[in-house]
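Notes for the one structure printed next.
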Amino acid sequence: MKLKLLRSEHRKAEKERTERVRQENAARVPALAAEGQRRLEEKREQAAAMKSDMPADQEFVLVSGLPRSGTSLMMQMLRAGGMELMHDGKREADIDNPEGYWEWEDIKNLPKRPLLIEQAHGKATKVISALLPNLPPKHKYKIIFMTRPVQEVVASQWQMLEHKGTNPKTEHLETAQQKHALEILTVLRQHPRVSLLEVEYPALVRDPQAGANRIAEFLGNERLPQRQAMPAVVKPQLHRQRSA
């Protein structure tokens with residue numbers, strides 16, 4: 001009798017376990033289907049990102065450098081000179097950049113979608129130095145690279161983080177930033193598809209006219225029809241972190 005009872009309870013428990021598994025699997029199906037659809041769409045987007053109708057060897061104007069090296073100022077100068085900027089206005093002006101950042105948020109997707117740079121054809125685009133290796137090799141690039149003493153760069157980065165309420169963990173930041181800047185500049189100086197103009201931020205602040213002349217000579221009057229307006233954009237009082 002006891003054996004029959006045990007068998008009956010075992011069969012009941014087995015049925016309950018089977019039903020529970022069935023229900024769990026049924027509940028998981030929509031999630032699996034949604035995940036499968038998401039991956040399919042992602043693959044389609046990646047495939048589309050690798051296709052382009054734009055002919056090769058188009059020239060793009062980029063502004064680059066380490067964060068807080070003067071890239072926003074350069075974008076403002078190009079805008080004053082009459083060049084259209086590729087930006088979306090998502091990052092608004094603040095205490096650290098009261099004249100605006102002039103950034104294009106989508107450029108952060110460059111590693112996954114290199115050809116999205118083609119959307120910026122004919123416009124100046126800010127691209128942080130860490131993203132430059134992801135530019136598609138089919139095109140040519142005129143790059144204005146902002147340089148600044150690494151001590152000033154790091155001090156400015158610290159101040160920005162403090163304004164955001166973040167305590168920077170940056171014991172070796174100066175060394176890392178200096179190493180990165182030297183490495184990327186070494187590559188750019190030798191790259192066959194890159195024309196490079198290095199602009200030192202402190203020197204630009206000291207003599208905006210000389211800086212504007214170099215930039216206009218590099219990009220050409222056609223791109224900067226209002227070059228005479230460029231020096232007035234520079235505001236020395238915004239050069240707040242200065243090395244000794």
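The values are calculated or read from the model by the stated rules, or taken from the named source; none is laboratory data. This one's a predicted model, so the numbers in the text were calculated from it and none came from an experiment. Because the Cβ atoms are built from the backbone with ideal geometry, glycine has one as well, and the counts that use them run over all protein chains shown. We work out accessible area using only protein heavy atoms, side chains counted, and drop any ligands, DNA or RNA first. Shrake-Rupley method; radii C 1.70, N 1.55, O 1.52, S 1.80 Å.
Points to keep in mind about this one:
- Hits in region 205-219 (condition: at pLDDT below 95 and within 12 Å of residue 78 (Cα to Cα)): none
- Annotation note: of 84, 105, the sole residue that is in contact (Cβ under 8 Å) with a residue 24 or more places away in the chain and either over 12 Å from the mean Cα position of the chain (by Cα) or surrounded by fewer than 14 Cβ atoms within 10 Å (Cβ to Cβ) (or both) is 84.
- Test: residue 93 is aliphatic (A, V, I, L, M), outside any helix (DSSP H, G or I) and at pLDDT below 80: yes
- The set of residues in region 51-77 being open to solvent by 50 Å² or more (accessible area, probe 1.4 Å) and not in a loop (DSSP other than H, G, I, E, B) consists of 59 alone.
- Being among the small types (Gly, Ala, Ser) and modelled with pLDDT of 85 or more holds for only one residue in 100, 82, and it is 82.
- Filtered residue count, region 144-193, keeping only those that are at pLDDT 75 or above, outside any strand (DSSP E or B) and of a type in the set (S, T, N, Q): 6
- Residues satisfying the stated conditions in region 108-142, i.e. of a type in the set (D, E, K, R), open to solvent by 60 Å² or more (accessible area, probe 1.4 Å) and in a helix (DSSP H, G or I): 108
- Scanning region 194-217 for residues that are touching a residue at least 40 places away in the same chain (Cβ under 8 Å) and more than 21 Å from residue 66 (Cα to Cα) yields one hit, 216.
- Residue 67 vs. criteria of a type outside the set (Val, Ile, Thr), under 30 Å from residue 153 (Cα atoms) and modelled with pLDDT of 70 or more: yes
- Unmet criterion (only one of (1) closer than 18 Å to residue 140 by Cβ; (2) crowded, with 16+ Cβ neighbours inside 10 Å) for residue 205: (1)
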